[in-house]
Amino acid sequence: MADQKTDQQMHNINHTNLQEFVERILIANNTPPPHAAIVSKCLVSADLRGVDTHGSNRIPSYMERIRQGALNPSAEPTVTQATPAVAQIDAHNGFGFVAAHEGMKRAIEMAQIYGIGMVSIKHSNHFGMSAWLVQQALEGGMMSLVFTNSSPALPVWGGKEKLMGVSPIACGAPGGAGRPFILDMAPSVAARGKIYKALRRGEKIPTDWALDRDGARTDDPAEALQGVMLPMGGPKGSALSIMMDVFSGVLSGSAFAGHVTNPYDPSKPADVGHFLVAIKPDLFMTIEEFKGRMDYLYKRVVESERMAGVDQIYFPGEIEIITEEKRRKEGIPFAAAEVEALRKEADLVNVEHLKL
């Protein structure tokens, strides 16, 4: 659903200026430059794709976690090889972006040799938009599965307490002449980050997104954050959130069953778990044949007969690719309050303000 309009002044920010600014903020908060480059690139990638909820607006909450000692910005992930095609990474409470980037790199390297590579990551933190990991796999010529667990936000089906996370499931496959396949979705009606975004911008939310603390539907994002998110498809969304916890939390040795810390809570480590798989697409046919079949699938999807009122059908991930193309040219929209929050972070560490 399109975001509701805000009365705040909007600024279109050049993506290069934004990435350089975010990188400076991170370095000034004791993040090693190589790690800062990874984190800033991933955050701005989300901004470019229109996933503003997982982009640079996360910087204030991440920096507060560093200031409170809940996240170690200089932690170096360590790798343990379980089998030739399976590895585990201990993030040591560092940035989830850094551990996951290393994890997908290792998964790709193993898949190039063995056809598949699997990496489990423990003691990590929020890694933003899952699609950037799918894109990393695509750039390595791989199909991928990307799972993570997250802090409690959803009730299990039939319950009323926050227990499961709004944990995204993502996967991808390279295309040929058409678009690649990139799926990145939460098991809730809407991502929780959209609630925080609405709160920042002074907007209302649709009443089918969340319940308040009393179990009533609400259009107030502040009330929604005191209540629970609603799972998509009822028990189906609930089951998907449990699946994310099994593969990301139980399997990895990280927190699970409602014990992951909210990324906006700077009181203690998050202990997030991730699960990444890279798959070589030419295992059963030539890469040319695979891409040809993907192109055929793409055409069948986007050229299928449209229902009444629909002007165009998109392949999963295609709208975000189009948004990125537009934002690279026109800039990334930020509300005045969001720009001010980033300026405050700059002032705290004597970094030059973001160029508007």
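The values are calculated or read from the model by the stated rules, or taken from the named source; none is laboratory data. The model shown is predicted, which means the values in this text are computed figures rather than measured ones. Virtual Cβ from ideal backbone geometry, glycine too; neighbours counted across all protein chains shown.
Among the residues of the range 157-172, is there at least one that is small (G, A, S), in contact with a Lys or Arg (Cβ under 9 Å, 6 or more places away or on another chain) and crowded, with 21+ Cβ neighbours inside 10 Å? Lay out the reasoning, then the answer.
First, the residues of the range 157-172 that are small (G, A, S): 158-159, 165, 167, 170, 172.
Then keep just the ones that are in contact with a Lys or Arg (Cβ under 9 Å, 6 or more places away or on another chain); that gives 165.
Now drop any that are not crowded, with 21+ Cβ neighbours inside 10 Å, which leaves 165.
Yes, that holds for at least one residue.
Any idea which residue in the range 138-154 is nearest to M118 (Cα to Cα), counting only those that are in contact with a helix residue (DSSP H, G or I) (Cβ under 6 Å, 6 or more places away or on another chain) and not in a strand (DSSP E or B)? Walk me through how you get there before you give the answer.
Here is the first cut: in the range 138-154, the residues in contact with a helix residue (DSSP H, G or I) (Cβ under 6 Å, 6 or more places away or on another chain) are 140, 142, 144, 146-149, 153-154.
Still in the running and not in a strand (DSSP E or B): 140, 142, 149.
Details: G140: 15, M142: 12, N149: 17 Å.
Here the answer is M142.
If L342 satisfies all but one of (1) out of contact with any Phe, Trp or Tyr (no Cβ under 8 Å at 6 or more places or on another chain); (2) in a helix (DSSP H, G or I), what's the number of the condition it fails?
Answer for L342: the failing condition is (1).
Under the condition of being outside any helix (DSSP H, G or I) and of a type in the set (V, I, T), which residue from the range 92-137 is surrounded by the fewest Cβ atoms within 10 Å (Cβ to Cβ)? Steps first, please.
Quick first cut of the range 92-137, residues outside any helix (DSSP H, G or I) only: 92-95, 115-130.
Narrowing further to those that are of a type in the set (V, I, T): 116, 119, 121.
Numbers: I116: 17, V119: 27, I121: 29.
Ranking the qualifying residues of the range 92-137, first place goes to I116.
How about the range 40-71: which of its residues are among the aliphatic types (A, V, I, L, M), assigned to a helix (DSSP H, G or I) and within 12 Å of the chain's Cα centre (by Cα)? Break it down stepwise before answering.
Keep residues of the range 40-71 that are among the aliphatic types (A, V, I, L, M), which gives 43-44, 46, 48, 51, 59, 63, 66, 70-71.
Keeping just the survivors that are assigned to a helix (DSSP H, G or I) gives 43-44, 46, 48, 59, 63, 66.
L43, V44, A46 - these are the residues of the range 40-71 that are among the aliphatic types (A, V, I, L, M), assigned to a helix (DSSP H, G or I) and within 12 Å of the chain's Cα centre (by Cα).
Could you list, in sequence order, the residues of the range 184-197 that are assigned to a loop (DSSP other than H, G, I, E, B) and more than 30 Å from Y296 (Cβ to Cβ)? Spell out the reasoning first.
Quick first cut of the range 184-197, residues assigned to a loop (DSSP other than H, G, I, E, B) only: 186-187, 189-191.
The answer is V189, A190, A191.
Go through the range 236-259 residue by residue and tally those that are of a type in the set (V, I, T) and within 21 Å of A131 (Cα to Cα). Break it down stepwise before answering.
Within the range 236-259, the first condition is being of a type in the set (V, I, T), and the residues that meet it are 242, 246, 250.
Filter once more, so that each one left must be within 21 Å of A131 (Cα to Cα): 242, 246.
Number of matching residues: 2.
Counting only residues that are surrounded by fewer than 21 Cβ atoms within 10 Å (Cβ to Cβ), over 21 Å from G273 (Cα atoms) and either without any contact (Cβ under 8 Å) to a residue 40 or more places away in the chain or of a type in the set (K, R) (or both), how many does the range 24-77 have?
Number satisfying all stated conditions: 7.
Results for (1) of a type in the set (S, T, Y); (2) touching a helix residue (DSSP H, G or I) at 6+ places or on another chain (Cβ under 7 Å); (3) free of Cβ contacts under 8 Å to residues at least 12 places away in the same chain; (4) not in a loop (DSSP other than H, G, I, E, B), shown as yes or no for each residue.
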residue	(1), (2), (3), (4)
V156	no, yes, no, no
E161	no, no, no, no
A170	no, yes, no, yes
G175	no, yes, no, no
G178	no, yes, no, no
I182	no, yes, no, yes
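Scan the range 320-337 for residues that are in a helix (DSSP H, G or I) and either modelled with pLDDT under 95 or hydrophobic (A, V, I, L, M, F, W, C) (or both) and jot them down. Break it down into steps so the answer makes sense when it comes.
First, pick out the residues of the range 320-337 that are in a helix (DSSP H, G or I): 320-330, 336-337.
Of everything in the range 320-337, those that are in a helix (DSSP H, G or I) and either modelled with pLDDT under 95 or hydrophobic (A, V, I, L, M, F, W, C) (or both) turn out to be I321, I322, A336, A337.
Would you call M294 of a type in the set (A, V, I, L, M, F, W, C), at pLDDT 95 or above and not in a loop (DSSP other than H, G, I, E, B)? Working first, answer last.
Working: of a type in the set (A, V, I, L, M, F, W, C): yes; at pLDDT 95 or above: yes; not in a loop (DSSP other than H, G, I, E, B): yes.
Yes; evaluated as a whole, the condition is true for this residue.
Give the range 240-282 a look and list any residue that's more than 17 Å from the chain's Cα centre (by Cα), of a type in the set (S, T, N, Q) and closer than 30 Å to I113 by Cα, or say none.
S252, S254
So, in the range 28-46, exactly how many residues are charged (D, E, K, R) and at positive phi?
Count: 0.
Exactly one condition in (1) in contact (Cβ under 8 Å) with a residue 40 or more places away in the chain; (2) farther than 30 Å from I242 by Cα is false for I319; which is it?
(2)
Before we move on, is M244 closer than 28 Å to A341 by Cα and surrounded by 24 or more Cβ atoms within 10 Å (Cβ to Cβ)? Spell out how you get there, then give the answer.
Working: closer than 28 Å to A341 by Cα: no; surrounded by 24 or more Cβ atoms within 10 Å (Cβ to Cβ): yes.
Considered against the rule, which asks whether it is closer than 28 Å to A341 by Cα and surrounded by 24 or more Cβ atoms within 10 Å (Cβ to Cβ), M244 comes out as no.
Identify, from the list E340, E345, the residue that is surrounded by fewer than 20 Cβ atoms within 10 Å (Cβ to Cβ), more than 18 Å from the chain's Cα centre (by Cα) and under 23 Å from S45 (Cα atoms).
Details: E345 fails: surrounded by fewer than 20 Cβ atoms within 10 Å (Cβ to Cβ).
None of the others qualify; the one that does is E340.
For E289, all conditions in the list (1) crowded, with 21+ Cβ neighbours inside 10 Å; (2) more than 18 Å from the chain's Cα centre (by Cα) hold save one; what is the number of the exception?
Exception for E289: condition (1).
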